[in-house]
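Take a look at the structure below.
The values are calculated or read from the model by the stated rules, or taken from the named source; none is laboratory data. Note that this is a predicted model, so its numbers are computed, not measured. Neighbour counts are summed over all protein chains in view; Cβ atoms, including those assigned to glycine, are modelled from backbone coordinates with ideal geometry.
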């Protein structure tokens, strides 16, 4: 599945950068970008959109060494990314695309991201800033510091922005004590909830790389006292939560309905994202309605919709 574009070479004394690229169908661009970013830990580039989709490129650092050592590192990186993407593409009945790879010289390329990654407001009262920029928060603003190497999931995608908007809306109505973030990715929803005043947040993910990245982001922003990051399977989570968050994909959200229903507190709110507007949207509303969740509001951006529910009942 991998197309080698040129003869491999050793990694020199400073190492190299492996650029791994593929043409991604439009329906999978956001989810595939997030996954690629988690495994890269350095950065993801998205090309212009077309009817066929968008080209996505992830950048992976290859440590210095002889040709055989570098080749082994690259095969491991490519294999890990292909395995993770294959699972994602299978959810949408899409074939795994052909991959292209290119070995780039280490020219401190990461600094080129600085001209593209600027401080921005991701949701009302929440700002994302890179470490090299100074920013004085306005009254009522909270700031998360995330650099390109750990920036995937910072709200540059529509479903993440929609989810964060609804999380902030839920805090206006009621400040939850216990929050559960399922499929946390880089931890952006969990960190937003903590900054907006959540008592305790449990952020879980079944991808070890996502758990590592989320833990690093939480620690970097000094939120470890309020957020626990773990690889605990959802089925093994115990307790009841006042606010439950999941920005994943439609099919997984449907499968999770019984488990999220079990974990919801007496008066709980639920924010779901990663859902395509239209048939997926209506199916999620119907599915969670069967578990007693009533739709409060929805927000649209591009082809994506995020949904906020509430459930009120006595056990």
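Summary of values
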{"quantity": "Set 243, 296, 266: member being over 27 Å from residue 90 (Cβ atoms) and within 21 Å of the chain's Cα centre (by Cα)", "calculated": "243"}
{"quantity": "Looking only at the stretch 292-311, and only at residues there that are under 12 Å from residue 268 (Cα atoms) and part of a loop (DSSP other than H, G, I, E, B), the one that is modelled with the lowest pLDDT", "calculated": "292"}
{"quantity": "One residue from 285, 275 being within 21 Å of residue 32 (Cβ to Cβ) and modelled with pLDDT of 90 or more", "calculated": "275"}
{"quantity": "Verdict on residue 202 being in a strand (DSSP E or B), closer than 19 Å to residue 242 by Cβ and in contact (Cβ under 8 Å) with a residue 60 or more places away in the chain", "calculated": "no"}
{"quantity": "Checking residue 314 against (1) at pLDDT below 95; (2) assigned to a strand (DSSP E or B), the condition it does not meet", "calculated": "(2)"}
{"quantity": "Condition met for residue 167 (farther than 21 Å from residue 309 by Cβ and modelled with pLDDT of 90 or more)", "calculated": "no"}
{"quantity": "Residue within the stretch 53-62 that is in contact (Cβ under 8 Å) with a residue 12 or more places away in the chain, surrounded by fewer than 19 Cβ atoms within 10 Å (Cβ to Cβ), in contact with a helix residue (DSSP H, G or I) (Cβ under 8 Å, 6 or more places away or on another chain) and farther than 13 Å from residue 25 by Cα present", "calculated": "no"}
{"quantity": "Residue list for the stretch 80-127, filter: assigned to a strand (DSSP E or B), at pLDDT below 90 and within 19 Å of the chain's Cα centre (by Cα)", "calculated": "120, 121, 122, 123"}
{"quantity": "Residue identified as in the same structural domain as residue 142 (by TED's automatic domain parsing) and either part of a strand (DSSP E or B) or without any contact (Cβ under 8 Å) to a residue 12 or more places away in the chain (or both) among 210, 219", "calculated": "219"}
{"quantity": "Residue under evaluation residue 257, criteria (1) in a helix (DSSP H, G or I); (2) at pLDDT below 95, criterion not met", "calculated": "(2)"}
{"quantity": "Subset of the stretch 267-283 [surrounded by fewer than 24 Cβ atoms within 10 Å (Cβ to Cβ) and touching a helix residue (DSSP H, G or I) at 6+ places or on another chain (Cβ under 8 Å)]", "calculated": "276, 280, 283"}
